1. Looking only at segment 35-58, which residues are open to solvent by 100 Å² or more (accessible area, probe 1.4 Å) and at pLDDT below 95?
2. Inside segment 82-99, can you point out the residues that are open to solvent by 60 Å² or more (accessible area, probe 1.4 Å) and at pLDDT 80 or above?
3. Out of curiosity, is A64 part of a helix (DSSP H, G or I), open to solvent by less than 100 Å² (accessible area, probe 1.4 Å) and of a type in the set (G, A, S)?
4. Quick check, is L32 of a type in the set (A, V, I, L, M, F, W, C), without any contact (Cβ under 8 Å) to a residue 60 or more places away in the chain and open to solvent by 90 Å² or more (accessible area, probe 1.4 Å)?
5. Can you name the number of the only condition in (1) part of a helix (DSSP H, G or I); (2) at pLDDT below 95; (3) open to solvent by 100 Å² or more (accessible area, probe 1.4 Å) that L71 fails?
6. Specify which of the listed residues (K51, K27, K41) is part of a helix (DSSP H, G or I) and either in contact (Cβ under 8 Å) with a residue 12 or more places away in the chain or under 26 Å from G90 (Cβ atoms) (or both).
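The values are calculated or read from the model by the stated rules, or taken from the named source; none is laboratory data. Note that the structure is predicted; figures quoted are calculated from it, not measured. Because the Cβ atoms are built from the backbone with ideal geometry, glycine has one as well, and the counts that use them run over all protein chains shown. When the accessible area is computed, the model is the full protein with side chains, heavy atoms only, and any ligands, DNA or RNA have been set aside. Shrake-Rupley method; radii C 1.70, N 1.55, O 1.52, S 1.80 Å.
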Amino acid sequence: MVTIKHTRESIAELEKQLDLYKTAHHKLTAGLKEAVAESIKYKRERDSLIKDVSNYRRVLKVFARLIKNKLDINASDRYIPYQHMLDDIGINTDELEAD
C-alpha cells in the first residue's frame with residue numbers, strides 16, 4: 001500500500017496552488033456574471049429596437065397606402081419619388097392589399 005507523506009513545504013505549496021485556483025475561479029465567475037448581465041442588457045436593447053422598427057414599418061405602410069391612393073387618383077409625378085423610396089426600403093405598394 002502506498003502512503004503519501006507531505007512535508008510542511010509541500011503542504012504550503014499545495015495551499016498556494018489551492019489559493020491560486022480559488023482566485024482564478026472567483027475571477028472567472030465574476031467575469032461570467034458580468035457577461036450575463038451585459039447579454040441581458042443587449043437583449044433588452046435589441047427587443048426595444050425590434051419594436052421600434054416594427055412601429056416605423058407600420059407607419060410607413062400607412063404612408064405607402066396614402067401615396068398609392070394619391071397615385072391612383074392623380075397620376076402626378078409629384079408622388080412617384082416617394083413610391084420609389086418606399087420600394088427601396090422594402091415597403092412595396094403593390095403588396096399592401098395583403099396586409
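1. Y56, R58
2. Answer for segment 82-99, where residues must be open to solvent by 60 Å² or more (accessible area, probe 1.4 Å) and at pLDDT 80 or above: Y82, H84, M85, D87, D88, I89.
3. On the way: part of a helix (DSSP H, G or I): yes; open to solvent by less than 100 Å² (accessible area, probe 1.4 Å): yes; of a type in the set (G, A, S): yes.
Criteria met by A64.
4. Working: of a type in the set (A, V, I, L, M, F, W, C): yes; without any contact (Cβ under 8 Å) to a residue 60 or more places away in the chain: yes; open to solvent by 90 Å² or more (accessible area, probe 1.4 Å): yes.
Criteria met by L32.
5. (3)
6. Numbers: K27 fails: either in contact (Cβ under 8 Å) with a residue 12 or more places away in the chain or under 26 Å from G90 (Cβ atoms) (or both); K41 fails: either in contact (Cβ under 8 Å) with a residue 12 or more places away in the chain or under 26 Å from G90 (Cβ atoms) (or both).
None of the other options fit; the residue is K51.
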